[in-house]
1. Residues of the range 6-26 being small (Gly, Ala, Ser) and closer than 11 Å to ASN140 by Cα, which ones?
2. Go through the residues of the range 82-102 one by one and say whether even a single one is over 16 Å from the mean Cα position of the chain (by Cα), modelled with pLDDT of 95 or more, assigned to a loop (DSSP other than H, G, I, E, B) and hydroxyl-bearing (Ser, Thr, Tyr).
3. Looking at the range 1-34 only, could you name the residues that are over 21 Å from GLU55 (Cα atoms) and at pLDDT below 95?
4. Quick check: is even one residue across the range 165-184 outside any strand (DSSP E or B), surrounded by fewer than 17 Cβ atoms within 10 Å (Cβ to Cβ), hydroxyl-bearing (Ser, Thr, Tyr) and at pLDDT 95 or above?
5. Going through the range 121-132 one residue at a time, which ones are surrounded by 15 or more Cβ atoms within 10 Å (Cβ to Cβ) and at pLDDT 95 or above?
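The values are calculated or read from the model by the stated rules, or taken from the named source; none is laboratory data. Bear in mind that the values here come from a model prediction, so they are computed numbers and not experimental data. FYI the Cβ positions are ideal-geometry reconstructions off the backbone, even for glycines, and counts take in every protein chain you see.
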Amino acid sequence: MNKMDEMIIVAPRTPIFENEKLTFQGICKDKTSLEKITKNMAITYSVMRRGDAEENFDFKQPIPYVVLKRKNEVYAYKRLRGGGEKRLHSKISIGLGGHCNDVDNTDFDEMLYENLKRELSEEVRISNENFKLKTIGLINDDKNDVGRVHLGILLIAELEENTSVSVRETEQLEGFWINIKDLKNNSVYINLESWSQFVADILNG
């Protein structure tokens, strides 16, 4: 199946942002706003063909976005030209995740978690999966066409010190560890995807 024919989870922008009252740019860590937006997504979401969703600015696609953190490092990866999303080629990301599919007999939070587990297992090998996930906030970027149709759920996974990570799709991704403070070096920062820039800012805050 063509990936653009995949049926993915979407939520209508107007109700989830309560007629733009809850709209933000960057990362929202406010607990009240986070709970409201998440609740609004949970009661309004539906499924849509991915190819249609990518061009429909009236809907947001919820994307679990997890940062793998190991002491003072985070796992980063570069999208190579073999990757599918041409708009993001050569960009560096420090978050893993992807589109969500509907999961029978689950609530919204469980569905996000099941999709996140699937994405992690498909994208990377983690030598020690004994880690805890912590939800940090939401990510929104309405300044570019990719961001306008996505809404990130930002999570941090604190890995144990000797944990190793490697990418599975070596033709599409190049993975490496990077010190958190080095994310703000200009040569790195300008090559980060916008969501990763937002995360780099708060990690160095």
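1. Within the range 6-26, the first condition is being small (Gly, Ala, Ser), and the residues that meet it are 11, 26.
If the condition is that a residue be small (Gly, Ala, Ser) and closer than 11 Å to ASN140 by Cα, then GLY26 is the only one that fits.
2. The answer is no, given that none of the residues of the range 82-102 is over 16 Å from the mean Cα position of the chain (by Cα), modelled with pLDDT of 95 or more, assigned to a loop (DSSP other than H, G, I, E, B) and hydroxyl-bearing (Ser, Thr, Tyr).
3. none
4. no
5. Initial filter on the range 121-132 (surrounded by 15 or more Cβ atoms within 10 Å (Cβ to Cβ)): 123-124, 126, 131.
If the condition is that a residue be surrounded by 15 or more Cβ atoms within 10 Å (Cβ to Cβ) and at pLDDT 95 or above, then VAL124, ILE126 are the ones that fit.
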